[in-house]
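Everything on this sheet refers to the single structure shown next.
The values are calculated or read from the model by the stated rules, or taken from the named source; none is laboratory data. Remember, it's a predicted structure, so these values are computed and weren't measured experimentally. Here the Cβ positions follow ideal geometry from the backbone for every residue, glycine too, while neighbour counts run over all protein chains shown. We work out accessible area using only protein heavy atoms, side chains counted, and drop any ligands, DNA or RNA first. Shrake-Rupley method; radii C 1.70, N 1.55, O 1.52, S 1.80 Å.
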Amino acid sequence: MMPVRDVVIFPHMMTPFVVGRESSVRALEEALAGDRKIFLATQHDASVDEPRPDEIYQVGTVVNIVQSLKLPDGNIKVLVEGVERAKIVSVSDDEGFFRAVVRTVSYKVEPGPQLDALVGRVTSLFEQYVKLSQNVNYETMIAAVRVDDPGRLADTVGANLQLTIEEKQELLEIFDPIERLTRVAETLDIEIEKLNVDRTIQGRVKRQMEKAQKEYYLNEKIKAIQKELGRGEKSEYDELRKKIEAAGMSPEAKEKAISELKRLEGMPPMSAESTVSRNYLDWLLAVPWKKKTREIRDLNYAEKVLEEDHYGLEKIKERILEFLAVRRLVKHPKGSILCFVGPPGVGKTSLGMSIARATGRKFVRMSLGGVRDEAEIRGHRRTYIGALPGQIIQMMKKAGTRNPVFMLDEVDKMSVDFRGDPSAALLEVLDPEQNYMFVDHYLDVEYDLSEVFFICTANVLHTIPPALQDRMEVIRLSGYTELEKLEIAKRFLVRKQMQQTGLTKEQVQFTDEGLTTLIQYYTREAGVRNLEREIGNICRKVARAVVTGHRNGKPVSLPVVVTAELVPDFLGPLKFRELMAEKKNEIGAAVGLAWTEVGGQILTTEATIMEGKGKLTTTGKLGDVMQESAHAAMSYIRSRAQMLGLPKDFYRHLDIHVHVPEGAIPKDGPSAGITIATAICSALAGIPVRHDVAMTGEITLRGRVLPIGGLKEKLLAAHRHGIHEAILPRDNEKDLPDVPEAIRKDMRLHFVESMDEVLKVALEREIGSLPVAAGAQAETAAPHKEEKLH
């Protein structure tokens with residue numbers, strides 16, 4: 001007997017191996033001297049040189065020694081053929097080698113369909129295995145398994161499977177051919193599954209390797225071409241690294257850029273992740289980190305630019321010049337945040353462009369009208385496909401400098417939905433204490449906005465959240481007077497429209513009277529947009545006449561002088577009636593003043609009385625506050641019935657109807673209080689209200705007149721409609737400096753504290769022709785004492 005290592009010998013298999021151990025050589029020589037038969041059994045541990053009997057498997061194979069060859073180093077190379085498996089009964093090693101008594105077992109197998117099916121299955125599975133495995137010779141193995149004996153088939157297949165020594169030994173120890181064949185079938189199933197998995201993985205790896213080799217080959221070829229063209233061998237990554245070093249980023253941004261560049265270098269150039277990283281680095285480098293525009297701080301030049309671009313707007317110009325003066329005295333002042341609030345067409349957006357020109361800064365504009373997504377301000381995170389920075393960072397990239405004039409247009413028209421509140425995101429942008437570390441979701445690093453000159457524009461303030469209003473310096477732009485509109489038209493609008501239509505001064509000229517007609521009879525606005533549109537309309541008609549040489553069948557003589565008489569010929573009938581609220585004094589009709597988003601407006605209030613039961617009706621789409629003002633006016637009148645010469649119970653037999661025309665337009669606010677009270681008093685007393693007097697003010701139950709807002713716009717509206725006298729609350733006298741001097745000089749203003757004073761001015765004649773009882777005098781005097789106490 002000879003122990004073997006790292007091999008299991010199966011019956012019917014030819015196996016070569018080398019014998020080197022002294023005891024094994026002796027056993028081999030003894031066998032060669034006899035019948036050339038030897039028993040081979042595998043030892044448990046291949047590292048043991050001299051195994052004991054208990055370290056050898058008990059089942060092995062009796063073999064015939066086919067060939068033996070003694071090698072120069074003393075070892076013997078042998079080729080053996082397995083005969084049959086056997087089990088050790090006893091072992092002795094007295095002669096310097098193992099001699100064993102073994103028992104062989106023979107099984108007779110009965111043929112049948114079940115056996116045939118099992119043999120066929122094993123043969124089929126082994127053919128699959130041979131095809132998948134690259135370690136087995138296909139033709140040899142297929143020839144070997146074409147045998148009828150099931151036991152021999154099992155041994156042949158088992159010997160050629162890629163199994164461990166322990167698994168092969170288990171097969172060898174199964175003496176029953178049917179059981180052995182069944183075990184071989186199960187093992188083949190497992191091995192075929194493993195080979196299929198290996199082949200799939202290998203195919204995938206091969207494809208990736210081929211792709212990587214292809215990319216490497218192409219990249220090397222590109223480098224060779226670039227070298228041939230003389231462009232050097234510097235890689236794209238080296239260029240990016242240089243740009244990062246030169247960009248002047250903050251330490252945090254630089255660290256992130258370098259980290260992203262290292263990641264990019266380790267990625268395949270054509271991968272999707274590589275594109276995302278590259279885009280991110282491009283954005284980091286595109287944003288201005290240190291580049292600044294050199295600011296013009298010459299106040300005289302700034303004043304000249306502002307005067308060239310805009311007429312009027314003295315407060316705005318003064319604020320901008322103050323800002324520039326501070327910039328000259330302070331080296332690192334914080335950025336300013338202004339908010340221009342005013343009706344459309346008064347020049348808010350163009351004023352921002354003028355500020356940029358006056359200061360020598362770049363100008364960028366972002367419209368917030370209709371914006372409802374917080375990501376528009378702060379951007380999307382890079383985890384989203386197609387993510388981009390927000391508009392703030394995009395506009396900074398467009399400006400190319402750290403200190404542009406940044407206009408946020410229509411800040412009052414943002415809305416909110418499930419994607420977030422953009423006005424909340426603006427809180428950080430427009431706060432000088434926070435915006436030096438503004439974080440965009442895409443860049444994900446702090447960016448300094450503190451040197452940006454932010455200018456917001458809005459038509460109204462009430463739609464802007466209070467927290468956002470608190471961060472801005474609000475500057476109101478009121479509507480223009482007729483004189484200001486005339487100057488703006490002469491200085492800017494006519495010249496602009498002539499340039500756009502290709503006309504010259506030799507072809508068309510506008511007279512002051514013609515422009516005044518346009519302003520008075522063809523536009524009703526706080527700004528000048530419609531005025532510019534009408535001037536453009538005339539210019540186009542003149543341009544056609546110049547090209548054709550005639551107009552309305554008559555030859556045209558140049559220059560065409562646009563006079564007041566010629567304007568209707570160009571634009572058709574007058575669009576607005578005479579600038580007078582009412583043409584005569586009427587009972588129960590008072591002229592009030594209102595404020596709207598597009599400037600001031602006059603509002604005629606009508607009151608009529610009829611037989612009834614004391615019901616007060618209000619119509620004209622009035623809001624709750626305005627209806628309450630009507631009830632307060634009515635209560636005041638009832639409390640002063642005797643002074644007005646009315647019976648104490650007059651309201652028991654009369655219904656009063658208050659109506660404000662243009663019923664489709666919603667109206668609200670307390671400032672119509674004295675207008676409603678005057679109209680009702682006029683209707684009850686039968687005294688007409690002066691049509692050339694406008695009024696505004698809130699009324700209390702005691703007849704006090706409280707202050708209102710929008711004084712400048714309201715007086716501009718009155719003046720625009722040809723009314724030169726107005727009744728105003730006494731507390732609004734302090735707001736007069738805001739009203740243009742030309743309006744103050746042209747209008748007679750009455751400042752009042754009580755409703756009694758209003759009636760004295762507003763009615764055609766005083767109420768009081770009837771004697772007032774002493775009780776009534778005392779009754780009217782009491783509230784004044786209360787006022788003094790308050």
Whole-angstrom gap from the stretch 304-351 to the stretch 353-380, using each part's C-alpha centre: 17 Å
With the radius of gyration and the Kirkwood radius both derived from the Cα set of the chain, what is their ratio Rg to Rh? 1.39
Express the Stokes-Einstein translational diffusion coefficient of the stretch 8-89 in µm² s⁻¹, to the nearest whole number, given a Kirkwood radius over alpha-carbon pairs, 25 °C and a viscosity of 0.890 mPa s. 186 µm²/s
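Can you tell me the mean projection area, over all orientations, of the convex hull of the stretch 191-306's alpha carbons? Units nm², please.
On the way: hull surface 54.6 nm².
Projected over every direction and averaged, the Cα hull of the stretch 191-306 covers 13.7 nm².
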For labels at Val48 and Ala467 in the simple 7 Å Cα→Cβ model, what's the distance in nm? 8.1 nm
Pulled fully out, how much extra length does the chain show between Arg263 and Lys37, if you take 0.36 nm times their separation in residues and subtract their Cα-Cα distance? 74.6 nm
Classify the stretch 568-723 as rounded, prolate or oblate, taking a ≥ b ≥ c as the square roots of the eigenvalues of its Cα gyration tensor: rounded when a/c is under 1.5, otherwise prolate if a/b is larger than b/c and oblate if not. prolate
Tell me which cysteines of the chain come out unpaired when the rule is another cysteine's Cβ under 4.7 Å. Cys539, Cys681
What percent does the relative contact order of the chain come to when contacts are Cα pairs within less than 8 Å and at least six residues apart? 7 percent
With every protein chain left in place, what is the accessible area per residue of the stretch 463-517 in square angstrom, probe 1.4 Å? 51 Å²
Note, the stretch 72-79: 3J(HN,Hα) by Karplus (6.51, -1.76, 1.60, θ = phi - 60°), whole Hz, Gly/Pro = x, goes x, 7, x, 6, 10, 9, 10, 10
If one computes the Cα centroid of the stretch 695-711 and of the stretch 2-75, what distance in Å separates the two points? 123 Å
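Within the set Lys37/Lys168; Lys256/Lys362; Lys131/Lys194; Lys292/Lys397; Lys615/Lys667; Lys87/Lys168, which residue pairs have Cα atoms separated by over 19 Å? Don't skip to the end; give the middle numbers.
Working: Lys37/Lys168 22 Å; Lys256/Lys362 28 Å; Lys131/Lys194 13 Å; Lys292/Lys397 12 Å; Lys615/Lys667 22 Å; Lys87/Lys168 16 Å.
Check vs 19 Å cut-off fails for Lys37/Lys168; Lys256/Lys362; Lys615/Lys667.
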Filtered GluC sites (Glu not before Pro), the stretch 460-559: DSSP coil and at most 13 other beta carbons within 10 Å: Glu506
Rounded, prolate or oblate for the stretch 52-141? Axes are the square roots of the Cα gyration tensor eigenvalues, ordered a ≥ b ≥ c, and the cut-off for rounded is a/c under 1.5. oblate
Mean Cβ neighbour count within 10 Å, used as a protection proxy, ranking 391-400, 71-80, 118-127 highest first: 391-400, 118-127, 71-80
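Can you give the helix-only mean residue ellipticity at 222 nm for the chain, where every DSSP H stretch with n ≥ 4 adds -39500 (n - 2.57) and the sum goes over all residues, rounded to the nearest 500 deg cm²/dmol? Kindly include the intermediate steps, with their values, before the conclusion.
Numbers: 27 runs with 336 residues, N = 790.
The per-residue figure over the chain is -13500 deg cm²/dmol.
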Give me the number: length gained by fully extending Asn219 to Gln434, i.e. 0.36 nm times residue separation minus the C-alpha to C-alpha distance, one decimal in nm. 72.7 nm
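Going by average Cβ density within 10 Å per residue, which order do the peptides 611-621, 457-467 take, highest to lowest? Working shown, then result.
Values: 611-621: 13.8, 457-467: 15.6.
Top of the packing list down: 457-467, 611-621.
Over all directions, how big on average is the projection of the convex hull of the alpha-carbon atoms in the stretch 399-496, in square nanometres? Mind dumping the intermediate values first?
Numbers: hull surface 36.7 nm².
Approximately 9.2 nm², given one-decimal rounding.
Please tell me which of these pairs span more than 24 angstrom C-alpha to C-alpha: Lys304/Lys541; Lys485/Lys745; Lys291/Lys331; Lys348/Lys490; Lys304/Lys745? Let's see the in-between values first.
Details: Lys304/Lys541 35 Å; Lys485/Lys745 18 Å; Lys291/Lys331 17 Å; Lys348/Lys490 20 Å; Lys304/Lys745 28 Å.
Violating the 24 Å limit, Cα to Cα: Lys304/Lys541; Lys304/Lys745.
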Pull out the extension gain between Lys243 and Phe576, defined as 0.36 nm times the separation in residues minus the alpha carbon to alpha carbon distance; nm, one decimal. 113.5 nm
